[in-house]
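Let me begin by presenting the structure, written as structure tokens, before commenting on it.
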Amino acid sequence: MNIFGYNLIFIINKKTIKRFVPYLLIALFFGFLLIVFGRFLINRNQRINQSQLNTHFAAPTEYTFTSQPKTAMWLLNKKENGSSRTVLSICGDCYGSYILQWEDWLFYTTTLDNSVQINEYNFKSEKLDTLYDLRQHTKEFEGRGKGFPSELADIKIIDRTLYFSLGGYLAPGAIFWMDLPPASKPQKLTDSSNGVVAYWKNRYWVVGGEGDACGGFMDYSLVDLIQKKVTHIASSTVGCFDGEGYIEIDKRDRMIMAFHTTGTGDGGDNDSGIYKYVIAIPLDNPAIKEGVIAKQNMPAEITDIRYSKDADQLFLYGKQKYIFDFLSNSIQKVDELPSVPEESLLWKVNKTLSEMIKEIKLPYYYEFVLE
């Protein structure tokens, strides 16, 4: 039985196997197809996901930007051993850039970020140093109005002395000096709004002022360049401010001033208002004010006054025209007045940095290059 039984089981299993072989082959075939199709789906999903990822983090689009103008810089290069190196640079486009020369020294400055720095460079020693940095001297301007100086108003050399002035719109200012060659720090000459040391009317003056909208003022002071002392002479107002306005310096070395009412400030006939009286201030004794034309003697509706040094007379312009003669101390009405050109009060010559550089005499192994 055992043997029979065994044989019986074998026969049954063999028949069973033969019967299910076709089904097994079909299952294997479909299993293979499922594996292939599944792999296809996996690869497809990976490609889709990568495409979506690339789309989400796409490379930035190349835009065309309008290029900003490059700031022009003047470079002072020293040539040595067949090459060159830059020893200093100055902004060519920046307002307040100055450079000037005295013997073997260059003095240069730029005004950036509402600060002023004045530097020196020596050709022989190749030493570069800062003479003045406004950021370290702001306390000197506290209590003198709003803000601090924001720009260099002027810089020049007179008789072995360097003068420079700080100022700005509606800001306090001052003029400083230092003897050359530079051996000490600058010292203050005087407070002055946008002041300039200028040779004018056969004398050295400090002239400073400010203007806003239709009016302004100007301060006139004589300066002793040896003693480094300043004597205030007068303050002049123009335009839509009441006050005494500058007319001229007469033959007697007096500053002629005339009081005017509020004017239009538009450059017309009533630019400085109506003049009410005229005085004279002796330059050697500015504490005195001498009467020239008193209020009661002043003709009506006078809108402009000019001084003729040749005739030593004041010409009064208005609806009617008059001449005041200093010798006879009299006023005469006239039909016409000769033309007297208005004086041009240009206290400093505005030069570009390129023009300043052309005036510098460099040693042969130095050169300026515009970059």
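Read-outs throughout are calculated quantities, based only on the coordinates presented, and are distinct from any laboratory measurement. The structure presented is a predicted model; accordingly, all values stated were derived computationally and were not measured. Here the Cβ is made from the backbone with ideal geometry for all residues, glycine too, and neighbour counts use every protein chain on show.
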The residues Trp177, Trp102, sorted from fewest to most surrounding Cβ atoms within 10 Å, come out as Trp102, Trp177
Estimated distance in nm for a label pair at Gln136 and Ser344, the labels positioned 7 Å out from Cα along Cα-to-Cβ | 4.0
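Please go through the residue pairs Lys251/Lys321; Lys188/Lys289; Lys276/Lys333; Lys309/Lys333 and name each one whose alpha carbons sit more than 21 Å apart in this structure. Walk me through the numbers before you get to the answer.
Details: Lys251/Lys321 23 Å; Lys188/Lys289 29 Å; Lys276/Lys333 17 Å; Lys309/Lys333 19 Å.
Violating the 21 Å Cα-Cα cut-off are Lys251/Lys321; Lys188/Lys289.
Suppose R0 equals 51 Å. What FRET efficiency, 1/(1 + (r/R0)^6) with r the Cβ-Cβ distance, do Glu359 and Arg252 give to the nearest 0.05?
Working: r = 39 Å, r/R0 = 0.76.
That gives a FRET efficiency of 0.85.
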Roughly how many whole Å is it from the C-alpha centroid of region 234-307 to that of region 119-185?
-> 34
Residue pairs, from the table Lys124/Lys185; Lys127/Lys361; Lys127/Lys358, whose Cα atoms sit over 26 Å apart | none
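Which FRET efficiency, nearest 0.05, do Ser328 and Ile157 yield, Cβ-Cβ r, R0 45 Å? Write down the numbers at each step before the final one.
On the way: r = 46 Å, r/R0 = 1.03.
The computed FRET efficiency comes out at 0.45.
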Long-range amide H partners of Glu210 with built H, under 5 Å | Phe217
List every residue whose amide H lies under 5 Å from the amide H of Asp304, counting only residues 5 or more places away in sequence or on a different chain, with H placed 1.01 Å from N in the peptide plane.
-> Tyr317
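Give me His260, His137, His232 sorted ascending by neighbouring Cβ count inside 10 Å, so fewest comes first. Could the numbers behind the result be given before it?
Working: His260 26, His137 18, His232 12.
By the 10 Å Cβ count, ascending, the order reads His232, His137, His260.
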Take Phe326, Phe107 and order them by how many other Cβ atoms sit within 10 Å, fewest up front.
-> Phe326, Phe107
How much net charge surrounds Leu180 when only other residues with a Cβ under 11 Å from its Cβ are counted (Lys, Arg +1; Asp, Glu -1)?
-> -4
Taking H placed 1.01 Å from N in the peptide plane, check which residues at least 5 places from Lys321 or on another chain put their amide H under 5 Å from its amide H.
-> Val334
Apply 1/(1 + (r/R0)^6) to the Cβ-Cβ distance of Leu370 and Asn81, taking R0 = 22 Å, and write down the FRET efficiency to the nearest 0.05.
-> 0.40
